[in-house]
Amino acid sequence: MAAKKGAEQSRLGFTLGSDQVSFELDESVYPLEAIYGACYLFLDRCYVYLTRPKAESVSVRLTSQESADTEALDSLAGEFANELLAQALRAKLSQSTARIREYYTAAALRAATSAPSVDDLLAELESEELLEDPLEIMVPWEEKQGDGSESKDG
Amino acid sequence: MAERITFDSSLYSPEAVEATATAYADYAKIAINSTDGATEAVIEDGGEYEMAELVNAFSNHALHETIVRRRQSALEAS
């Protein structure tokens, strides 16, 4: 991030103009998608104008919608810079995790297509013989063990 | 007095700038010239609107259109 030489600079090093602040971005550090992402979030707060002073470089000019002092402009540009960094990081993470996200999406879609329908589940339920009780779970304990007093006395 | 705004084609989609000109046709007289690598918008006769505000709002709208169109085409491509 660079300010123009010779122009008035803010505390954070941005170039100041009348109600506007500008700075240059290196596209090898901040990809264009990250710059767009940050611009999109600031469109309702200020006027944003982009130019390309040279290859691989984007100049951002933020103009406040109302009269703003140096401090307010510095703060606006600082917030933009922070958002830019967040967007760049997000883009990088998105790129590095793209394959694993594709894998999980494909796995979820595969599972969804092979999942049984409600009708299949109901048919399966009906076909089961629910009254079979090989482990005699439904038989009362007294019936299985006989009279409780006999077993106690031996 | 007319105001010229140059939109670099590598940053602003020419279609987005044209769509913005259409959207702002009710507010000012706008001419679009496409040159090699840039789209130029000439805004004049802003009527009751302040020219500086019109120019800034036009630029914001063009950027918004560009971003939305880029995202839409990326979504369609994936």
Task: the protein assembly as shown - accessible surface per residue (Å², probe 1.4 Å) - done: 66
TODO: Can you work out the PRE-style zone for A:Gln95? Point 7 Å along Cα to Cβ, and I want the residues of the range A:13-48 with backbone N under 13 Å.
DONE: A:27-35
Open item on the list: For the range B:34-54 and the range A:37-99, what is the centre-to-centre distance using only Cα atoms, to the nearest Å?
Closed with: 23
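For the protein assembly as shown, what % of the accessible area comes from carbon and sulfur atoms, probe 1.4 Å?
On the way: 7860 of 15310 Å².
Roughly 51 percent of what the probe reaches on the protein assembly as shown is carbon or sulfur.
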Open item on the list: Name the residue from B:Thr66, B:Tyr27, B:Ala77 whose Cα lies farthest towards the positive end of the charge dipole of chain B, charges +1 on Cβ of Lys and Arg and -1 on Cβ of Asp and Glu.
Closed with: B:Ala77
Task: J(HN,Hα) series, the range A:51-64, from Karplus relation 6.51 cos²θ - 1.76 cosθ + 1.60, nearest Hz, glycine and proline x - done: 9, 10, x, 7, 4, 6, 9, 10, 9, 10, 10, 10, 10, 5
Open item on the list: Taking the 0 to 90 degree range and rounding to the nearest ten, how far is the long axis of helix B:51-77 tilted relative to the main principal axis of chain B, both from C-alpha atoms?
Closed with: 10
Task: Burial ranking of peptide ranges A:19-27, B:28-36, B:58-66 (average Cβ count within 10 Å, highest at the top) - done: B:58-66, A:19-27, B:28-36
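Under unit Cβ charges (Lys, Arg +1; Asp, Glu -1), what dipole magnitude, rounded to 20 debye, does the range B:3-77 have relative to its Cα centre?
340
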TODO: For chain A, with a Gaussian network of springs between Cα atoms less than 10 Å apart, report the residue from A:Leu76, A:Leu121, A:Leu43 with the top mean-square fluctuation.
DONE: A:Leu121
Task: Kirkwood Rh, angstrom, the range A:12-86 [1 / mean 1/r, Cα pairs] - done: 12.3
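Could you give the size of the charge dipole of chain A about its Cα centre, using +1 on the Cβ of each K and R and -1 on the Cβ of each D and E, expressed in debye and rounded to the nearest 20? Spell out each step's value before the answer.
On the way: 14 positive and 29 negative charges, 464 e Å.
Its charge dipole is roughly 2220 debye.
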Task: Candidates A:Ser64, A:Ser117, A:Ser94: whichever shows maximal mean-square fluctuation once chain A is modelled as a Gaussian network with Cα springs under 10 Å - done: A:Ser117
TODO: Return the calculated 222 nm mean residue ellipticity for the protein assembly as shown, to the nearest 500 deg cm²/dmol, obtained by summing -39500 (n - 2.57) across DSSP H runs with n ≥ 4 and dividing by the residue count.
DONE: -15500 deg cm²/dmol
Task: Length-normalised contact order of chain B in % [C-alpha pairs under 8 Å, at least 6 apart] - done: 37
Open item on the list: Using only Cα atoms and rounding to the nearest 10 degrees, what angle (0 to 90) does helix A:118-127 make with the longest principal axis of chain A?
Closed with: 10
TODO: Measure nothing but the geometry: give the 0 to 90° angle between the long axis through the Cα atoms of A:70-96 and the longest principal axis through the Cα atoms of chain A, rounded to 10°.
DONE: 40
- [ ] Would you tell me the mean number of C-beta atoms belonging to other protein chains that fall within 10 Å of each C-beta in A:23-34, as a whole number?
- [x] 1
- [ ] Sorted from largest down, give the three principal axis spans of the alpha carbons of the range B:19-78, whole angstrom values.
- [x] 44, 24, 16
TODO: Putting +1 on Lys and Arg Cβ atoms and -1 on Asp and Glu Cβ atoms, find which of A:Ser114, A:Ser67, A:Gly37 reaches farthest to the positive end of the dipole of the protein assembly as shown.
DONE: A:Ser67
TODO: Place the peptides B:45-51, A:29-35 in order of packing, highest mean first, counting for every residue the other Cβ atoms within 10 Å and averaging per peptide.
DONE: A:29-35, B:45-51
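The values are calculated or read from the model by the stated rules, or taken from the named source; none is laboratory data. Here the structure is a predicted model, which means the values were calculated and not measured. Using ideal geometry, Cβ is built from the backbone for each residue, glycine included, and neighbour counts are taken over all protein chains shown. Please note that ligands, DNA and RNA were not included when accessible areas were found on the heavy atoms of the full protein model with its side chains. Shrake-Rupley method; radii C 1.70, N 1.55, O 1.52, S 1.80 Å.
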